Each structure stands twice: as structure tokens, then as C-alpha cells.
Amino acid sequence: MATVELTVKSLQGAVDPDWCPGCGDFGVLKSLKEAIVELKIAPHNVLVVSGIGCSSNLPGFIHAYGVHSLHGRAVPVATGAALANHDLHVVAVGGDGDGFGIGIGHFIHAMRRNLNLTYIVMDNEVYGLTTGQASPTTTEGHKTKSTPRGNVEKPIQPLALAIATGATYVARGFSGEPKQLTKLIAGAIAHKGFSLIDVFSPCVTYNKHNTHQWFKERVYKLEETDYEPTDYERALVKVREWGDQIPIGVCYQTSRPTYEEGEPALKKGPLVRHQLGLTPEQRRALLREFV
């Protein structure tokens, strides 16, 4: 049987991206593909799960298994798949509104359980799909469609929340630094445990403040400093830097047992490998009942 060489081009989806020209999400998609190639993961061993939003259309733009689920529900759907089949490299994707708004409860519990999956959040600090309302990461004072006099709420701190809750790989990327972003995503997928990458992915249509150029003038790479990402207390301070200097890179990395390793139901392996103990007649009866 002939096999197709694994390249970025071979991972191109059947549908072309429909994002606005210049959207940061193009860079995230490319870096995800490059990370899969770098890790030499066959497409049939990759599952990309999303919620709802501009960025959540991503599963349709990559040649791999994909699920476009419900608003804020990417993480629980990804959780089910990761627990059922340990051969899959499960990557949840979505936006800051989807993940840190309606989906934040799932986000917190997945991290505290240290589930073995990767979550990439394309953070543009607005609700892009619904034309620019303030999101959980919109900065204080920022004028948006829903906050014309300036946002009065303080933004959520997703990286600090992730570290405090129990994520074991916490990173921040920028779509304008594609080589670094590819390394961050590859590291997250290879990591055993819950991995979060919060990516600055500028919305060129509805966020005229946090632009590509705005981030380009402020971000600096942690790997080019003496920063050590294994220090819990230092990491909590580092991820809250904001203003003229904003760090990007691996902010925190540690190891602890994953949920899969401690769950008694998985001691015999992933659920897809378990024998159900049903006769052929019983299986056919179940199929007739549910199909």
C-alpha cells in the first residue's frame, strides 16, 4: 500500500480557511501542522476538537480527525476522546471567549485532573465571530462594541489560573513568531499531562488596539533570558507581566501523574481496548436500539 509523505502540504484540509485576511489564526494553523510534522504523527492519530467561534473552524482546515462541537465544550469532548483512546493525540482549539468564558468551568477541572491533552487558545481579546464584543481577556478601559465607554472589568489571567489550578505545561505564544509557536505546540503535544498554549492571535477586523504590530513591539522570548520554567512561584509572577514587556514561551512545566494513570477504570488500558463481554446477539440488539 502506498503511503503519503507527511508534510505541511499533506495536512491541508479539504476546505480552505475562511478567516479575514491577516487574521492571526492562519499562523496558529500553520504552526500546528508544522508541529505534527516535526513529531512525525500520522494524521489518523490526531484529533482536533473545537467549540464555537472564528478560531473554532480550525478542525475543518486540517487533514486529521476533527470535531466541531458546542460553544465552550471543546475541552469535555476532547476529554472523552482522550480517555477512550490513548493512541490519539488530542488537541482542543478555540478562542478566548469560548474557552475562558462559557467554557471556563471545563477548563479548570481538566487542568486540576491533569488530563493528557493539549489546549490551544487563539486569544484575540474580543468576541470576533459576533463582531467585536468584550471578552474575558479584554483589557480594562478597552472600547469595544459592547463597551463603548471602555471596559470596566479586569481581564482574566489564563496562564496564572492554569498554573494555580494544576496544568503541567503552560505556555504563551504569538502568531507573529511562527517558529517559536511551532516549538511550543510540539512541546505541548509531546508533554504528558494537560498543556495550555495561550496564543496572541490578533483580530484584524474588530480589535484595532491589540494589533500584530502592538504585540511585535512588546513581546520577548523567555528562552532568550535566564528564566527557568520549573519554578512555580516565579512562574506565577512572570505570567502576569503586561505592558511594555510581555513574555512569550514556556512559562511553567512540571510533571505529576495524569488522570489516566490514576483512574481505576483505565488500569486495563484505554476504553476502546476493553472487552465488553457481550454476545453477538446482545451487540446487535444494542445497535438496533440506539441506531
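If I248 meets every condition in (1) part of a helix (DSSP H, G or I); (2) touching a residue at least 24 places away in the same chain (Cβ under 8 Å); (3) hydrophobic (A, V, I, L, M, F, W, C) apart from one, which number is that one?
Here I248 meets the rest and fails (1).
How about the range 258-291: which of its residues are under 32 Å from the mean Cα position of the chain (by Cα) and surrounded by fewer than 11 Cβ atoms within 10 Å (Cβ to Cβ)?
P264, A265, K267, K268, G269
What about G193, is it small (G, A, S), under 17 Å from the mean Cα position of the chain (by Cα), open to solvent by 10 Å² or more (accessible area, probe 1.4 Å) and at pLDDT 95 or above?
Against the criterion (small (G, A, S), under 17 Å from the mean Cα position of the chain (by Cα), open to solvent by 10 Å² or more (accessible area, probe 1.4 Å) and at pLDDT 95 or above), G193 does not qualify.
Please go through the range 223-253 and pick out each residue that is open to solvent by less than 50 Å² (accessible area, probe 1.4 Å), modelled with pLDDT of 95 or more and out of contact with any strand residue (DSSP E or B) (no Cβ under 7 Å at 6 or more places or on another chain).
Y227, L236
Determine, yes or no, whether G101 is free of Cβ contacts under 8 Å to residues at least 40 places away in the same chain, surrounded by fewer than 20 Cβ atoms within 10 Å (Cβ to Cβ), of a type outside the set (S, T, N, Q) and in a helix (DSSP H, G or I).
Yes; evaluated as a whole, the condition is true for this residue.
Has the range 107-118 got at least one residue that is of a type outside the set (A, V, I, L, M, F, W, C), under 26 Å from G193 (Cα atoms) and open to solvent by less than 10 Å² (accessible area, probe 1.4 Å)?
Taking every residue of the range 107-118 in turn, at least one turns out to be of a type outside the set (A, V, I, L, M, F, W, C), under 26 Å from G193 (Cα atoms) and open to solvent by less than 10 Å² (accessible area, probe 1.4 Å).
List the number of the failed condition for L83; all other conditions in (1) touching a residue at least 60 places away in the same chain (Cβ under 8 Å); (2) under 28 Å from K268 (Cβ atoms); (3) in a helix (DSSP H, G or I); (4) open to solvent by less than 10 Å² (accessible area, probe 1.4 Å) hold.
(4)
Which residues, counting only those in the range 251-282, are in a loop (DSSP other than H, G, I, E, B), closer than 22 Å to L196 by Cα and of a type in the set (S, T, N, Q)?
T254, S255, T258
Checking the conditions here, which among V204, V219, V199 is open to solvent by 20 Å² or more (accessible area, probe 1.4 Å), under 24 Å from the mean Cα position of the chain (by Cα) and under 25 Å from K154 (Cβ atoms)?
After ruling out the rest, the residue left standing is V219.
The values are calculated or read from the model by the stated rules, or taken from the named source; none is laboratory data. Just so you know, these numbers come straight off a predicted model, no measurement behind them. Glycine also receives a Cβ, built like all others from the backbone with ideal geometry; neighbour counts cover every protein chain displayed. Heads up: the accessible areas ignore ligands, DNA and RNA and are worked out on the full protein's heavy atoms, side chains in. Shrake-Rupley method; radii C 1.70, N 1.55, O 1.52, S 1.80 Å.
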